[in-house]
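Scroll down for the structure; my scribbles are underneath it.
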Amino acid sequence: MTLSQRDQKSIWHPYTQMLSAPPAIPILRGQGAYLYSDEGKRYIDAVSSWWVTLHGHAHPYIAGKVSEQLLELEQVIFAGFTHKPAIELAEALLALLPEKQTKVFYTDNGSTAVEVALKMCLQFWSNQGQVRQKIIAFKNGYHGDTFGAMSVSGRSAWTKAFEDLLFDVMFIDTPNQDNLAALKTFISTHATDTACFIYEPLVQGSAGMLMHEPAALDELLVHCHQEGILLIQDEVFTGFGRTGRHFACDYLRQAPDLMCFSKGLTGGTMPMGITTCSAEIYEAFLSADKTRALFHGHSFTANPLACRAALASLDLLLQKETQENISRICKQHRQFRKHIQNHPKVKQIRQLGTILALEWETGTDSSYFHDLRDRLYTYFLENGILLRPLGNIIYLLPPYCITDKDLNYIYFTIEKALNIL
Ligand SMILES: *Cc1c(COP(=O)(O)O)cnc(C)c1O
């Protein structure tokens, strides 16, 4: 039996209709921006393997650091014990964030980083004897697949089967100069019993790389703070250079109370999530009453290997060469955007930093399940490129090590698709 056949016998894949999906492609190894299949085919990983791979696959520097760590300390309970990689990572990350972030809480993935942030906010108020349980979020937002994270995400086909079980959230539009006043009024109306506002800053990834302006978001955040509403900035996707700056918060003046990280955190090597928070949040859990503690943890909280991978990835991110690569990708994207924006099949093309999204003109139907999506996905694979369109939206999100040659080949292949498909 081939690997693919063995896979089909025993594995259930994420986000996959197993009846109709083509067999999964076995990948034997990865190097830089490339993935190599069992049939010897090479794919350019233009989506960073679900938005996580920052510096390319099997990076020798990260691999070396994780290997050393494996032989030193692979795991230790994180209640009552601590270790160097966790401490060093907390220090290194906080140094890059707005000053308001003062504490790091470790989990295993983006969804749990969001769960923790929500629990911190809700318990922040209950620890102080205040009833503030409402949550505000953006329409079309995405914050993960666990129940709390699903609840604060936009309702869609993905959440339909669970809809009655999800807690109520007030969904608002993303801000622009036209709707800001109305959004502020809405927020003020609900302010006294609202615990927090959770949002993807500047780019709503899963919704199709929808973008909004920093100035409008800033104004909305200021207003939430004036109304005493806590801010959870979900940078699970936007963190670590994706937007062209280290974090989306580097485009904003208003600092959030909590932040969530995962995806690129370990350079895409190991699963890990982080929730950071302000001193004010942290201090609301300090009490002679032991029941005011935050009762949350995971078996692998602050796994030393994942922390070591994250530290190595941060080393690489801060190197001059990586920063130059990020600028180079931004520039290349910009040029392609200008070149293609007037193509009749391009409904819209938008960019923030290394994130480029092209919306394909489909007339009326543009849902996630549009059949164009499957045709595009297959077409790019046949051309040696891994791209996973969200409905009629093709987005590019390459590892920072991708060469200009590969970028140009991807642009060329997209342009060809626009002309022939
Ligand atoms: C992917 C994502 C999550 C969930 O992260 P997982 O590690 O997949 O659970 C949360 N928030 C945002 C903004 C994301 O893009």
### Query
Sorted by packing (mean other beta-carbon atoms within 10 Å per residue), highest first, where do 318-330, 293-305, 3-15 land?
293-305, 318-330, 3-15
#### Entry: Of Lys119/Lys290; Lys100/Lys184; Lys345/Lys416; Lys65/Lys320, those spanning more than 22 Å from alpha-carbon to alpha-carbon
Lys100/Lys184
### Task
Starting from the Cα of Lys331, draw a straight line to each of the aspartates and glutamates and keep only those under 16 Å, dropping any in the same chain fewer than 8 residues away.
Glu321, Asp404, Asp406
### Summary
What helix-only [θ] at 222 nm does the chain give? Using -39500 (n - 2.57) per DSSP H run of at least 4, over all residues, to the nearest 500, the answer is -11500 deg cm²/dmol
## Note on the structure
The rounded separation in angstrom of the Cα centers of region 52-125 and region 207-250 is 21 Å
### Task
Decide, for region 131-181, between rounded, prolate and oblate: order the square roots of the alpha carbon gyration tensor eigenvalues as a ≥ b ≥ c, take rounded if a/c falls under 1.5, and otherwise choose prolate if a/b is larger than b/c, else oblate.
oblate
#### Entry: Ordering of 167-175, 78-86, 200-208, 268-276 by packing [mean C-beta count within 10 Å, highest first]
268-276, 200-208, 167-175, 78-86
### Summary
Taking the square root of 5λ for each eigenvalue of the C-alpha gyration tensor of region 62-318, the equivalent ellipsoid has semi-axes, largest first and in whole angstrom, of 30, 21, 17
### Query
Roughly what % of DSSP beta bridges within region 62-318 run antiparallel, to the nearest 5?
45 percent
### Query
Do you know the relative contact order of the chain, to the nearest whole percent, from alpha carbon pairs under 8 angstrom that are 6+ apart?
22 percent
### Query
Ordered by residue, what ³J(HN,Hα) values in Hz, to whole numbers, does region 77-92 give under the Karplus form 6.51 cos²θ - 1.76 cosθ + 1.60, where θ = phi - 60° and Gly and Pro are x?
3, 9, 9, x, 10, 8, 7, 4, x, 5, 5, 4, 5, 4, 4, 5
### Task
Choose one of Gln323, Phe237, Gln69: the residue whose Cα lies farthest towards the positive end of the charge dipole of the chain (beta-carbon charges +1 Lys, Arg; -1 Asp, Glu; about the Cα centre).
Gln323
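None of the figures in this text is laboratory data; all of them are computed from the coordinates on show. Because the structure is predicted, anything quoted here is derived from the model rather than measured. In this analysis, Cβ positions are derived from the backbone assuming ideal geometry, glycine residues included, and neighbour counts consider all displayed protein chains.
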